[in-house]
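A.B. asks: After the C-alpha cells below, expect a handful of questions from me.
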Amino acid sequence: MVIPAAAPPVAAPSSDPGPPAISIRNLRMRYGSRDVLHGVDLDVRRGEVLALLGPNGAGKSTTIEILEGFRRRSSGDVSVLGTDPEDAGDAWRARVGIVMQSWRDHARWRVQELVEHFSRYYPDPRDPQELLDAVGLSEQAGQECQQLSGGQRRRLDVALGIIGGPELLFLDEPTTGFDPEARRDFHTLVERLSTVEGMTVLLTTHDLAEAERLADRIAVLVGGRLIALGSPGQLAAEIQADAEVRWSEADERRHQRTKDPSRLVWDLHTRLGGPIPDLEVRRPTLEDTYLGMLRQEEA
Amino acid sequence: MISRQALVVGLHRGRIELRQTMRTPREYLGHLGNPAMFLFAASLQTGNISGSSVASSRMVIAGGVASLLLLVAMVWLPQQLATEREDGTLLRLRGTPGGMFAYLVAKTLMVITIAVLSTVLLLVGGAVLTDSGFPRSPGQWCTLLWVITLGLVALALTGAAIGAVLPNPRQALAWVMIPMFGLLFVSGIFFPVTSMPQWLQIIGQVFPLKWIAQGIRSALLPDSALVAETAQSWQHWETFGVLGAWTLLGLLLAPRLLLNSSRRESGSRLMARREVVGQRSY
C-alpha cells in the first residue's frame, strides 16, 4: 500500500523548513463568561506531525476548529498556511484537509461515488481509485456509506480529507471508538502520509500512546493552557516524574521514590558497602510523565 | 466562491442525488404519491364550481399543482436542509472549495426536477382521468409557465429560509406541516375562496399560495370560472406583485440565514447533538 502522490513528489523538507504551517499567538476563546482557551502560543512546522494532547474538555477541538476556519476566535493571531482562516477563501480550502470527530454525512452515497464526486471540487486531485486502494476501501467501493463499519467510515473520511492533495491535514480525535487493529491500520496510514508525502498533520487526541506513536512533537493542552511542548523524549525529561528504586536490606523489601535514582543507588552502594540485593530501578514512562502533568495542573 | 467549476460540480451532485432518489422506493413513491393524492381528490368531484358550468375537478387539479409546488419547496426542501445540516453534509461542504455553492445548485436542480415531474404527472393524469386538461391557448401556456416559475422561486427561497432556522429534522415536520395545512385552508385551493369568511380570505392573500393557485387556474380554466374568484378577475398584475415581493424577501433572508446556520455548525456541536439523539433512541 503506497499513497499515490497527486503531483510529482516534492523535495524532502530541508534543514530550514521556512515559515511554519501554523502559527498561533495568544489565542483566546471565551464562550459567554467561560474561558476555554487562555492565551495559547504554538507553531506547527511544515512537514511535522504535531499531536495536541489533553483530557476531554481541554480545548483541543475548539483550537482545531478555529484553525479550520469553522469558529471565530475571541482574540489572538492565527495564521494557517500564511492566511487567517477566518477570511480564507476557496484557494486556501483546497490546500487544507479536514477530518472531523465523527461524520455520518452522505449516508446514502456509494463510497466510490462520493470520493469521485469530491475529487471534482479540487484543482489537482488524487486519483479516486488509487486513493480507495490506499485506504483499503476498494472492496467497499460499491457500498453505501451507511453500511461501513466505524473504522472503514473513518478511513473514508481520511480519503475525503486528502482527496484534494492538501499540504496540511487536520485530524480531530481520529481513532475514538476504534478496535486495536483498526487503530494500528490508521496509524500506519497517517505515518505514510507524513513520511512519504511530507504532509503537515495536526491531530488532537486524549490518548497518549497514540500521540507518542504518531507525533514528532506533542503539545499538552490542559484547561485551555499549553503546559508542555516537545518530542516525546523531551517531554519525559521536561517534567520528570519520580523514578522508583526497589531493593532488599536486612531481609526486608524497601522502595523509595526519587528525582535522581542514580544518586540514591550510589548512596545505597556506599551504605551497604557492595552490591545492592534485588536492585530495581523503574524509570518513569511518558504515561507517568503525562499523568504527573495532569496532577500538577489540577493541584 | 461562484465559479464555473462549482456550477458543474453542483450539477453533478444534483444528478447523483436524483439517481439516489430513483433507487430508493420510499422516496420516489413519496414524490409520486402527492400528485396521485390530488388526482384521486379530483376524481371524486362530480359537480360544477357553483354559479358556473366549469367542473369542480378542474379547480382541484389546478389547486393540486399549486400544492405540489408548496410541498416540494416548503416541506421537502426545509427538511432536507435541516437533515443535512445535522448529519454534517453542510459542514463538510463548508470545508470544501466551492462546496456551499455546489450544494445550492444541486438542491435547485432537485427542486425543479421534482416540481416539474409531479406537475406533468398531475396535469396528464387530470386530462386522462378527469375533465381537466391543458392550457387552451398560447397565452394560457405562457401564464402557466411564468406562474409556476415565479411561484416556485418564491416558495423555494422561503423554504430555504425556514430550513435554515428549523431546530432539527425530527421536529421539522411538525414545525412545517401545521402552518402548511392552515395555509392550504385559507388559500382557496380546493374550494372557492369566496365561500370563506372575509378575514380568512385576507390572511390568505398575504401568502404566495393563493396567488399561485389563482394564476394556475387562470391558465387551466375558462373565463366562465371567474364567478368564483374574489375579484371576479384573474388579477395577473397582483399575482406578479405578491410573488415578486416574496421572491425579494426570500432573496434578502435566505442566503443570510443559510450562511448563519452553517456557521453555527462545528464538529464538536454535531458530536454533542448526536449524543443527545443517541440517548433518545435508547
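The values are calculated or read from the model by the stated rules, or taken from the named source; none is laboratory data. No experiment lies behind these values; they were computed from the predicted model shown. When we count neighbours, we look across all protein chains shown, and the Cβ atoms used for this are built from the backbone with ideal geometry, even at glycine.
A.B. asks: Out of the residues in segment B:37-91 that are of a type in the set (D, E) and part of a helix (DSSP H, G or I), which is surrounded by the fewest Cβ atoms within 10 Å (Cβ to Cβ)?
C.D. replies: Taking segment B:37-91 as the starting set, the residues that turn out to be of a type in the set (D, E) are B:84, B:86-87.
Applying the additional criterion that residues be part of a helix (DSSP H, G or I) yields B:84, B:86.
Values: B:E84: 20, B:E86: 24.
Among residues in segment B:37-91 that are of a type in the set (D, E) and part of a helix (DSSP H, G or I), the one surrounded by the fewest Cβ atoms within 10 Å (Cβ to Cβ) is B:E84.
A.B. asks: Next question, about the same structure. Among the residues of segment A:278-299, count how many are surrounded by 13 or more Cβ atoms within 10 Å (Cβ to Cβ) and more than 30 Å from A:G224 (Cβ to Cβ).
C.D. replies: 3
A.B. asks: When segment A:80-90 is examined, which residues are found to be more than 7 Å from chain B (Cβ to nearest Cβ) and either aromatic (F, W, Y) or without any contact (Cβ under 8 Å) to a residue 12 or more places away in the chain (or both)?
C.D. replies: Pass one, segment A:80-90, residues more than 7 Å from chain B (Cβ to nearest Cβ): A:80-89.
Within segment A:80-90, A:T83, A:D84, A:D87, A:G89 meet the criteria.
A.B. asks: Do we find that A:G142 is free of Cβ contacts under 8 Å to residues at least 40 places away in the same chain, outside any helix (DSSP H, G or I) and either crowded, with 16+ Cβ neighbours inside 10 Å or more than 9 Å from chain B (Cβ to nearest Cβ) (or both) in this structure? Explain how you work it out, then say what you get.
C.D. replies: Details: free of Cβ contacts under 8 Å to residues at least 40 places away in the same chain: yes; outside any helix (DSSP H, G or I): yes; either crowded, with 16+ Cβ neighbours inside 10 Å or more than 9 Å from chain B (Cβ to nearest Cβ) (or both): yes.
Taking the combined requirement at face value, the residue satisfies it.
A.B. asks: Taking into account only those residues within segment A:78-90 that are more than 18 Å from B:M100 (Cβ to Cβ) and touching a strand residue (DSSP E or B) at 6+ places or on another chain (Cβ under 7 Å), which is surrounded by the fewest Cβ atoms within 10 Å (Cβ to Cβ)?
C.D. replies: At the first step, the residues of segment A:78-90 found to be more than 18 Å from B:M100 (Cβ to Cβ) are A:78-84.
Next, from what is left, pick out any that are touching a strand residue (DSSP E or B) at 6+ places or on another chain (Cβ under 7 Å): A:78-81, A:84.
Working: A:V78: 21, A:S79: 17, A:V80: 25, A:L81: 19, A:D84: 13.
Taking the candidates together, the pick is A:D84.
A.B. asks: Another one. Scan segment A:91-101 residue by residue and report those that are surrounded by fewer than 20 Cβ atoms within 10 Å (Cβ to Cβ) and either within 15 Å of B:L90 (Cα to Cα) or facing chain B (nearest Cβ under 8 Å) (or both).
C.D. replies: Passing the criteria: only A:A91.
A.B. asks: Go through segment A:201-247 and count every residue that is more than 23 Å from A:L67 (Cβ to Cβ), at pLDDT below 90 and β-branched (V, I, T). Give the derivation first.
C.D. replies: Residues of segment A:201-247 more than 23 Å from A:L67 (Cβ to Cβ): A:209, A:233-234, A:236-247.
Narrowing further to those that are at pLDDT below 90: A:209, A:233-234, A:236-244.
Those still in the list that are β-branched (V, I, T) too: A:239.
Counting residues in segment A:201-247 that are more than 23 Å from A:L67 (Cβ to Cβ), at pLDDT below 90 and β-branched (V, I, T) gives 1.
A.B. asks: Looking at segment A:58-79, which of the residues that are among the hydrophobic types (A, V, I, L, M, F, W, C) and farther than 16 Å from B:T96 by Cβ is farthest from the other protein chains (Cβ to nearest Cβ)?
C.D. replies: Residues of segment A:58-79 among the hydrophobic types (A, V, I, L, M, F, W, C): A:58, A:64, A:66-67, A:70, A:78.
When the remaining residues are screened for being farther than 16 Å from B:T96 by Cβ, the result is A:58, A:64, A:66-67, A:78.
Details: A:A58: 12, A:I64: 8, A:I66: 10, A:L67: 12, A:V78: 16 Å.
Only one residue tops the list, namely A:V78.
For every residue, the table says whether it meets (1) under 21 Å from the mean Cα position of the chain (by Cα); (2) assigned by TED's automatic domain parsing to the domain that holds A:T175; (3) modelled with pLDDT under 90; (4) assigned to a strand (DSSP E or B).
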| site | (1), (2), (3), (4) |
| --- | --- |
| A:P8 | no, no, yes, no |
| A:P17 | yes, no, yes, no |
| A:R46 | yes, yes, no, no |
| A:T63 | yes, yes, no, no |
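A.B. asks: Can I ask one more? I need the full set of residues from segment A:102-128 which are in contact with a Pro (Cβ under 8 Å, 6 or more places away or on another chain), more than 9 Å from chain B (Cβ to nearest Cβ) and either assigned to a loop (DSSP other than H, G, I, E, B) or polar (S, T, N, Q) (or both), in order please.
C.D. replies: A:Q112, A:S119, A:R126, A:D127
A.B. asks: Can you find a residue in segment A:184-200 that is part of a strand (DSSP E or B), touching a strand residue (DSSP E or B) at 6+ places or on another chain (Cβ under 7 Å) and either at pLDDT 90 or above or within 30 Å of A:N56 (Cα to Cα) (or both)? Give the steps one after another, and end with the answer.
C.D. replies: Just the residues of segment A:184-200 that are part of a strand (DSSP E or B), to begin with: A:200.
Applying the additional criterion that residues be touching a strand residue (DSSP E or B) at 6+ places or on another chain (Cβ under 7 Å) yields A:200.
Now narrow it down to the ones that are either at pLDDT 90 or above or within 30 Å of A:N56 (Cα to Cα) (or both): A:200.
Yes: one or more hits.
A.B. asks: Also: Given A:I218, A:I227, which one is part of a strand (DSSP E or B) and surrounded by fewer than 19 Cβ atoms within 10 Å (Cβ to Cβ)? Break it down into steps so the answer makes sense when it comes.
C.D. replies: Numbers: A:I218 fails: surrounded by fewer than 19 Cβ atoms within 10 Å (Cβ to Cβ).
Of A:I218, A:I227, the one residue that is part of a strand (DSSP E or B) and surrounded by fewer than 19 Cβ atoms within 10 Å (Cβ to Cβ) is A:I227.
A.B. asks: In segment A:164-187, what count of residues is obtained for those that are on the phi < 0 side of the Ramachandran plot and touching a residue at least 60 places away in the same chain (Cβ under 8 Å)?
C.D. replies: Taking segment A:164-187 and keeping what is on the phi < 0 side of the Ramachandran plot, we get A:164, A:166-172, A:174-176, A:178-187.
Imposing the further condition that a residue be touching a residue at least 60 places away in the same chain (Cβ under 8 Å) reduces the set to A:164, A:166-172, A:174, A:176.
Counting residues in segment A:164-187 that are on the phi < 0 side of the Ramachandran plot and touching a residue at least 60 places away in the same chain (Cβ under 8 Å) gives 10.
A.B. asks: Would you tally the residues in segment B:44-86 being closer than 16 Å to B:F190 by Cβ and charged (D, E, K, R)?
C.D. replies: 1
A.B. asks: Identify the single condition in (1) touching a Phe, Trp or Tyr at 6+ places or on another chain (Cβ under 6 Å); (2) within 30 Å of A:L160 (Cβ to Cβ); (3) in a loop (DSSP other than H, G, I, E, B) that B:P167 does not satisfy, given that it satisfies every other one.
C.D. replies: (1)
A.B. asks: Counting only residues that are within 16 Å of B:P255 (Cα to Cα) and in a helix (DSSP H, G or I), how many does segment B:92-123 have? Walk me through it before giving the result.
C.D. replies: Start the filter on segment B:92-123 by keeping residues that are within 16 Å of B:P255 (Cα to Cα), which leaves B:93-94, B:98-108.
Those left that are additionally in a helix (DSSP H, G or I): B:93-94, B:99-108.
Residues meeting the conditions: 12.
A.B. asks: Here's another thing I want to ask about it. Which is under 29 Å from A:L114 (Cα atoms), without any contact (Cβ under 8 Å) to a residue 12 or more places away in the chain and surrounded by fewer than 24 Cβ atoms within 10 Å (Cβ to Cβ), of B:G95, B:G139? If you could, list the steps in order and put the result at the bottom.
C.D. replies: Values: B:G139 fails: under 29 Å from A:L114 (Cα atoms).
Answer to the selection: B:G95.
A.B. asks: Between a first residue in segment A:279-299 that is closer than 30 Å to A:D251 by Cβ and a second residue that is among the aromatic types (F, W, Y), which pairs have beta carbons less than 8 Å apart while being 6 or more apart in sequence or on different chains?
C.D. replies: Partner pairs satisfying both residue conditions: A:L279/A:W247; A:E280/A:W247.
A.B. asks: What about A:L137, is it within 12 Å of chain B (Cβ to nearest Cβ), crowded, with 16+ Cβ neighbours inside 10 Å and of a type outside the set (S, T, Y)?
C.D. replies: On the way: within 12 Å of chain B (Cβ to nearest Cβ): no; crowded, with 16+ Cβ neighbours inside 10 Å: yes; of a type outside the set (S, T, Y): yes.
Against the criterion (within 12 Å of chain B (Cβ to nearest Cβ), crowded, with 16+ Cβ neighbours inside 10 Å and of a type outside the set (S, T, Y)), A:L137 does not qualify.
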